[in-house]
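Notes to accompany the following structure.
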Amino acid sequence: DTFGATEGTELTRPDFVALAESFGVPAVSTSPEALRDDLAAALRTPGPNVVVLPALLRMFAPTHLD
């Protein structure tokens, strides 16, 4: 949208919680406030676990609009 038109494909992030759960791996989406407790719970559980902390990636944000 920065240059007025979309070219190519807009990529979206997968639902990592649903993806992990589809393989039978316990997963949780957390927040910065709940991260400590959710991570501790995941580490107490034997086997693989996924803890997702959603973040806004700004590395490709346009700098000329500031």
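Where a number appears in this text, it was derived from the coordinates with a stated rule and is not lab data. Note that this is a predicted model, so its numbers are computed, not measured.
Taking H as built 1.01 Å from N, whose amide H comes closer than 5 Å to the amide H of Ala27, not counting residues under 5 places away?
Close amide H contacts, sequence-distant or interchain: Val50.
Short version: ³J(HN,Hα) in whole Hz for each residue of region 40-50, in order, from phi by Karplus 6.51 cos²θ - 1.76 cosθ + 1.60 (θ = phi - 60°), x for Gly and Pro, what are they?
Here the 3J(HN,Hα) series is 4, 5, 5, 6, 6, 7, x, x, x, 8, 10 Hz.
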